[in-house]
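Every read-out reported here was derived from the displayed coordinates using simple, explicitly stated rules and does not represent laboratory data. What you are looking at is a predicted structure, and each value in this text was computed from that prediction instead of being measured. In this analysis, Cβ positions are derived from the backbone assuming ideal geometry, glycine residues included, and neighbour counts consider all displayed protein chains.
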Amino acid sequence: MESTGSTVAQLVQARWGDHRTGLRHAGGRLTHHQVTAGAAARAALLADLLPPHGERHIGVLLDNTPEFPQWLSAAALAGAAVAGINPTRRGPELARDILHTDCTVLVTERTHLPLLAGLELPGVHVLVTDTDAYADLLAPYADAKPEIDRTVRPDSRMLLYFTSGSTGAPKAAICSQGRLAAAGRSLVQHFGIQASDTHYICMPMFHGNAVIADWAPALAAGAGVALRSRFSASGFLPDVREFGATYFTYVGRAVQYILATPERPDDRENPLRVGFGTEAGAVDAARFEKRFGVRLVEGYGSSEGGAAIQRTPGTPAGAIGRAAPGDDLAVVDPETRRECEPARFGVDGRLLNGTTAIGELVNRGPNPFEGYWRNEEAQAERCRDGWYWTGDLFYRDAAGFLYFAGRTDDRLRVDSENLAAAMIENILARYDGAVAVAVYAVPDPVAGDQVMAALAPPPDAAFDPDAFAAFLLAQPDLGTKMAPAYVRVVRRMPTTATNKVARGLLRREAFLCEDPVWWRPPGSGSYRRLTPSDVSSLLTRYATHSRAVLLGR
């Protein structure tokens, strides 16, 4: 029952008359036909609300409710673009996101109305989905058919989704109907998705992961969708069982949170077949498969679509895969633009030449990046000298397999040696005394960086500094400069709305935070609690070397 349309609108239209269950949620279920009928009604409403000329953009400020996929489908039929609005944004930042993307319609729900209170949103028509007024507004369009607007083409804008960054305002990446439909069909083929599958969407739909990697392939295959309004680690397995979910996507620390839930003897009794996402790490992926009997496939595709890596049979442990067909991917030194040397590994698997092997991943060939909305400066930075620069660190082995090493701003330079935070995190993830870890750079008082780790112990457990130090000594692939100088103990890892670690916050706070911090003074092999006196002495050292400004002092 897979659809072959070249636009998302055609994939939506193909579900008309399909009376199988198409959408499951906490409040019940809808057939594919009912979802399509709902999309048709909303598309007809849009035709009356959107301006006849100019930008046809709508903002969607919703949790993962049944309204979200219906509005995505409606926008596709109407030839409009959806800007996913992040509900964790506040005040002027939230208003900026809505106005920057030229939204003339904003779809929201009552729970998010307080976020809009007091905001200046001139020319924006707000629809509140869980109200009688909204139901009355839709009623005249109840008999609408899923007709495709005559302006819809494969290159029609479909998504304006904000990409997260550690600095500056988020950038709205453009995704066309053709690219989104092609991404859905590609994942259908890659994972063998069938119409009988059910895709569990627990990642937020305002983010590209949920829409591109979960909703789009379900639509292309005619598979069902199951929605969780917001991600819940404790609700994950019950949802999977209740909805009969066979496929899900994840990003960031979601897998760690699921693994931190109490184990049960029946954990493997679930219908899941595969999970697809990024940043779970090899250790947690293996733990997940052992516990739940579900294979996790780590993939890589830059949010903007400019580079993709495919996992193929024979991919070594720890590697993501090789370049997708048509991509001319290279790992280069950003300063010299020369390719980095192939990675060399010790018998223990440790990368021996990280300083010369780790570089930025670039695509030197044609790529489907469609630009940023009204941000020429960011677009020019992403596409320099004819290459697409991903902003991600990688290294490549002699056989061409690529290994993720973190973001370019996650690089650490310790004693003149370049390190990648992701590599250290993969090692620390083995520590049984932590359910989540994050590694990042803090300024050294004299030059370069020091390694700092945020660590979340298991529930009701305390951090054991001696056990952690002994663990580090036992890791054969932990380089001499990789051991954290500081360990921040958190009860829960600070994350963004998309479950990625809030590294910008961790870096800014460094060791000047309210959480307990343990440190290993220079020359010491053990950790002790950082005291106010220690902090005062450290700040004096920073000031002596004119580096206090790096700590915001």
Round to a whole angstrom and tell me the spacing of the C-alpha centers of region 168-239 and region 463-497.
-> 34 Å
In percent, what relative contact order does region 9-230 have, based on Cα pairs under 8 Å that are 6 or more apart in sequence?
-> 24 percent
Under a straight-distance cross-link criterion of Cα-Cα below 18 Å, which lysines are reachable from Lys500, leaving out those fewer than 8 residues away in the same chain?
-> Lys171
At most 10 other Cβ within 10 Å, DSSP loop - chymotrypsin sites (Phe, Trp or Tyr not before Pro), region 456-553 | none
Residues with beta-carbon under 14 Å from that of Leu506, excluding Leu506: net charge, scoring Lys, Arg +1 and Asp, Glu -1?
-> +1
Quick one: dipole size for region 183-316, taken about the Cα centre, charges +1 on Lys/Arg Cβ and -1 on Asp/Glu Cβ, in debye to the nearest 20.
-> 80 debye
Hz values of 3J(HN,Hα) by residue in region 320-326 - Karplus curve (6.51, -1.76, 1.60), Gly and Pro given as x | 7, x, 10, 4, 5, x, x
Compute the FRET efficiency between Thr131 and Ala26 as 1/(1 + (r/R0)^6), taking r as their Cβ-Cβ distance and R0 = 25 Å, and round to the nearest 0.05.
-> 0.85
Within region 231-269, DSSP-loop trypsin sites (Lys or Arg not before Pro) with at most 13 other C-beta atoms within 10 Å are Arg268
antiparallel share of DSSP beta bridges within the chain, to nearest 5, in %, is 60 percent
Whole-number percent relative contact order across the chain, with pairs defined as alpha carbons under 8 Å at least 6 apart = 10 percent
Add +1 for every Lys or Arg and -1 for every Asp or Glu among the other residues with Cβ under 12 Å from the Cβ of Gln310, and state the total.
-> 0
Nearest 20 debye, what's the magnitude of the dipole of region 415-551 about its Cα centre given +1 on Lys and Arg Cβ and -1 on Asp and Glu Cβ?
-> 320 debye
Given the candidates Pro458, Ser524, Asn499, the one whose Cα lies deepest towards the positive end of the charge dipole of region 443-544, counting +1 at each Lys or Arg C-beta and -1 at each Asp or Glu C-beta, is Asn499
Gain on full stretching of the segment that runs from Ala142 to Arg337 - 0.36 nm per residue minus C-alpha separation = 64.5 nm
Taking the Cα centre of the chain as origin and charging only Cβ (+1 Lys, Arg; -1 Asp, Glu), how large is the dipole, in debye to the nearest 20?
-> 460 debye
Against the longest alpha carbon principal axis of the chain, how many degrees, from 0 to 90 and to the nearest 10, is the axis of helix 32-49 turned?
-> 80 degrees
Specify the inter-centroid distance of region 374-426 and region 272-301, based on alpha-carbon positions, in whole Å.
-> 23 Å
Calculate how steeply helix 177-191 sits against the longest principal axis of the alpha-carbon atoms of the chain, using the helix alpha-carbon long axis, and give the answer as 0 to 90 degrees to the nearest 10.
-> 70 degrees
For region 272-373, which trypsin sites (Lys or Arg not before Pro) are both in a DSSP coil and crowded by at most 11 other Cβ atoms within 10 Å?
-> Arg338
What ranking do Val297, Val107, Val517 get, fewest neighbouring Cβ atoms within 10 angstrom at the top?
-> Val297, Val517, Val107
Kirkwood Rh over alpha-carbon pairs of the chain plugged into Stokes-Einstein at 10 °C, 1.306 mPa s gives a D in µm²/s of 64 µm²/s
Indicate the gyration tensor shape class of region 415-551 (rounded, prolate or oblate), computed on the Cα atoms with a ≥ b ≥ c the square roots of the eigenvalues: a/c under 1.5 is rounded; otherwise a/b larger than b/c is prolate and the rest oblate.
-> rounded
The chain: longest stretch without exposed GluC sites (Glu not before Pro) (DSSP loop, at most 14 other Cβ within 10 Å), sites themselves excluded?
-> 336-513
Please figure out what share of the DSSP beta bridges in region 59-208 is antiparallel and state it in percent, rounded to the nearest 5.
-> 35 percent
Taking only C-alpha pairs under 8 Å that are 6+ residues apart, what is the relative contact order of region 415-551 in percent?
-> 24 percent
For the chain, build the charge dipole from Cβ charges (+1 Lys, Arg; -1 Asp, Glu) around the Cα centre, then report which of Thr278, Thr111, Gly17 sits farthest towards its positive end.
-> Thr278
Distance between region 26-86 and region 97-144 - C-alpha centres, whole angstrom = 11 Å
When Lys and Arg each count +1 and Asp and Glu each count -1, what net charge do the other residues less than 15 Å away from Gly244, Cβ to Cβ, add up to?
-> +2
